[in-house]
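Worksheet for the structure shown next.
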Amino acid sequence: MTKFTDLERAMLAAICDTQVDAGELLQAALGAARVTKRENTGHGFYTSFEVDRDRPPPTIPDRFVEGPNYEVRVGGQILLMGFILWLEDGYPACLEGFQYGTEAGGDIDLQTEDLGELVALGPNG
């Protein structure tokens, strides 16, 4: 459980791309990150990780960075998801993914899905 899933890597890269001033430091910190815990809530997930704290933290004024909304393939369905990168003492510490729902307005019970099989299709909105 020490590696990010493809979806997590894609979302972390997309979040780094949004950070004009702190993107490089954020990307460097995440490059050596090690996943410590993954929680599937059924509605989304939390992926906690550790980063090297020997470097200075990225300069981000808030406790979190809002990520993009992405269409994600879950089995044969498309789900709109949002993402937040949570910081702890200025360092990235947790990626949260949560669903807005399917195009038909329903939810998908992610408890029954392998989070490693979710596929980022592209930004929405």
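Between Rg and the Kirkwood Rh of the stretch 54-101, both from Cα atoms, what is the Rg to Rh ratio?
My calculation puts Rg/Rh at 1.13.
Return the distance in nm (one decimal) between the two label points of a simple spin-label model at residue 111 and residue 21, each offset 7 Å from Cα along Cα→Cβ.
According to this spin-label approximation, the distance is 4.3 nm.
Percent of alpha carbon pairs in the chain separated by more than 18 Å?
Taking all Cα-Cα pairs of the chain, the fraction more than 18 Å apart is 49 percent.
Using Cα-Cα distances under 8 Å and only pairs 6 or more residues apart, what relative contact order does the chain have, in percent?
28 percent.
To the nearest 0.05, what FRET efficiency results for residue 100 and residue 64 with a Förster distance of 22 Å applied to their C-beta separation? Before the final figure, lay out the partial values.
Values: r = 18 Å, r/R0 = 0.81.
About 0.80, to the nearest 0.05.
Read-outs: derived from the displayed coordinates by stated rules, not from any lab. Since the model is a prediction, treat every value here as computed from it, not as a measurement. In this analysis, Cβ positions are derived from the backbone assuming ideal geometry, glycine residues included, and neighbour counts consider all displayed protein chains.
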